[in-house]
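Beneath this line is the structure, given in C-alpha cells, with notes to follow.
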Amino acid sequence: MERVYEAKTDCSGCGTCARLCPQGAIAMQADEEGFLYPDIQQENCIDCGVCKVRCPFQQDGHFKEAGPARFYAARHRSREVLEQSSSGGAFTAVSDAVLRQGGVVYGADYDETFCVAHKRAETAAQRDRMRISKYVQSDLGETFIQVKADLQKGRKVLFSGTPCQAAGLRSFLQGSPLLPNLYVCDLICHSIPSPYIWEAYKTLLEKENTGKLTHVQFRSKKDGWSRANSNKGFLFSLDGETVLREDDRFYELFFKVKAITRPSCSSCRFTDVQRASDVTIADYWGIEKYQPEWFDSLGVSLVMVNSEQGAALLKQCREDLLFEERPAAESLQEQQRLSRPGALPPERERFWEDFRQFGLAYVLKNYVQK
Ligand SMILES: Cc1cc2nc3c(=O)[nH]c(=O)nc-3n(C[C@H](O)[C@H](O)[C@H](O)COP(=O)(O)OP(=O)(O)OC[C@H]3O[C@@H](n4cnc5c(N)ncnc54)[C@H](O)[C@@H]3O)c2cc1C
C-alpha cells in the first residue's frame, strides 16, 4: 500500500491505521504544520489493506450511531466545578460517574511544556487537568492501546476527545466483546489548530514577556460565559505569577484568520447529529433566548445522548448534574458544526509560506493586527 489517504483533507490523524497495522509498518509523522499523518514503511507492508478499510474518515458510516440524538441543557450543581470548566461542567459529571465505578478516564491534558496530549486518569485530580478546552490537536500516542488494555482488565473506560478521535477509537475496537464497558464522549468541534503554531505561540509569549510559562488556559469565564466572550481571554502566567495575563492573538488566529486548522476539518465527516459517540458535549449557546431561567453566567452545557449507553451514563450523573431535555432545533440553529464543516480560508497557503519564512510575529502582525 502506498498511502492510507489520497489527500490531506481525507486524514484526521487519529492513528487508527498505525495501531491496527499487523506489521507495525505505519508510523505517525508530523508534517510541516505539525499535524500527524501515517507514513507506511513500504519494506514492511504486506498490502493487507486493513489501514484503509478501518480508516474512520474514509469508511462508510464513519462508526456513527444511527440516532436520533436527544438534546439536553445541563449544568453541574457545584459552582466550583462550573468555574473550572469550559461550559456547564458536563465532562466532570460524566467522568465522575465512571471514576466512581472504579473506571478510568482518557482526555486531553498538557505535558510539562504545555504540549497537548491525551492522558489517562484514575483519580479526580488527574481528571481535573483534562478540564477546559485546549485549542490544539491532541497527540493520542498509545491511548487506543491503553484503552483496550484497561477494558481487557475489566475496567470501565470513558474516552473523551474530538469526533474524529472518537470514531478512530470505535474503529480500533470494532467488533470487540469489550465494548459494553466503554463510554465514548466527543465534543462538537469547531476545527482543530496546528501544534506547530501553538509551539511558536508559546515561544513568542516567553520571549516577549521574558520568562517561562507556568500556566496556560485557552478559555476563561473572567467576563462570564457567553458566545461573545468565552473563547476570548486566553490566560497565561510566567514563573509562577499569581495574577494571570491575557492575550487574544491565538483566539484571533483560530477563530478569525482560520488558517491554522487541520486541512481535514474542512471535509469533516462528523458535523451532524449522528455521532460516533455515546454522548456529545458542547456549550449550550443561545440558552438565554430559549429558556432564560436556565442561563447561568458560569456556563451551561449541551449534552447530546446518542446511544443507550449514553442514556445510562447521563442517568448516573443525576446527583451532580441538573439536566432538562430540549428541542434539537435550538442547537441545530446555534451550532454550525452540527450541520457543516468550516471552509479553509483562501489565503491559507500564503499564511503558511509567510509563517515558515518570517515566523509567528510576522503573521500575527500581517494577518491578525492588520
Ligand atoms: C478544538 C475544540 C473545538 C470546540 N468547538 C466547539 C464548538 O464549535 N461548539 C461548542 O459548543 N463547543 C465546542 N467545543 C467544546 C467546548 O469548548 C467544551 O469543551 C465543551 O462544552 C465541554 O465543556 P465542559 O464544561 O463539559 O468540559 P470541560 O471540563 O471544559 O472539559 C473539556 C473536555 O474537552 C476535552 N478536550 C479539551 N481539549 C481537547 C482537545 N484539544 N482535543 C480533544 N479533546 C479535548 C477534554 O478531554 C475534556 O473532555 C470545542 C472544544 C475543542 C477542544
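Some observations on this one:
- Whole-number D in µm²/s for region 254-319 (Stokes-Einstein; Kirkwood sum over Cα pairs; 4 °C, 1.567 mPa s): 89
- Contact order relative to length of region 175-319, as percent, for alpha carbon pairs under 8 angstrom and 6 or more apart: 26
- Using a simple spin-label model with pseudo-atoms 7 Å out from Cα toward Cβ, residue 339 and residue 238 lie 4.5 nm apart.
- Among 231, 209, 306, the largest mean-square fluctuation in a Gaussian network model of the chain (Cα springs under 10 Å) belongs to 209.
- Between 264, 95, 297, the Gaussian network model of the chain with springs among Cα atoms under 10 angstrom shows the greatest mean-square fluctuation at 297.
- Spin-label proximity, residue 222 to region 331-370 - amide N less than 20 Å from point 7 Å beyond Cα toward beta carbon: 369
- Computed 3J(HN,Hα) for region 272-287, one whole-Hz value per residue from the Karplus formula 6.51 cos²θ - 1.76 cosθ + 1.60 where θ = phi - 60°, is 8, 8, 8, 10, 8, 8, 7, 9, 10, 10, 6, 7, 8, 4, x, 4, glycine and proline marked x.
- Over all pairs of different C-alpha atoms, region 160-206 has a mean inverse distance whose reciprocal, the Kirkwood radius, equals 13.1 Å.
- Per residue, the average separation of C-alpha pairs within less than 8 Å and at least 6 apart gives the chain a relative contact order of 22 percent.
- For region 343-356, 3J(HN,Hα) computed residue by residue from phi via the Karplus equation (6.51, -1.76, 1.60; θ = phi - 60°) reads 6, 7, x, x, 8, 4, 5, 5, 4, 5, 4, 5, 4, 5 Hz, glycine and proline entered as x.
- In sequence order, calculated HN-Hα J values of region 251-265 (Karplus, 6.51, -1.76, 1.60; Hz; x Gly/Pro): 4, 4, 4, 6, 8, 9, 6, 6, 7, 9, 8, 5, x, 5, 4
- Cα Rg over Rh - the chain, Kirkwood: 0.95
- Extension reserve of the residue 213-residue 357 stretch, reckoned as 0.36 nm per residue once the Cα distance is removed: 49.3 nm
- Förster-model FRET efficiency, 56 Å R0, residue 29 and residue 293, C-beta, rounded to 0.05: 0.65
- At an R0 of 41 angstrom, the distance between the Cβ atoms of residue 47 and residue 349 translates into a FRET efficiency of 0.75.
- Region 11-160: Cα Rg divided by the 2.2 N^0.38 Å rule of thumb: 1.20
- When its C-alpha radius of gyration is set against 2.2 N^0.38 Å (N residues), region 232-370 gives a value of 1.35.
- Mean separation of Cα contacts under 8 Å (6+ apart) over length of region 80-237, as relative contact order %: 20
- For residue 238, distant residues with modelled amide H under 5 Å away: 214
The numbers here are math on the coordinates, done by the rules we state, and not lab data. Please read these numbers as outputs of a predicted model, since none were measured by experiment. Cβ: placed from backbone, ideal geometry, glycine included. Neighbour counts: every protein chain shown.
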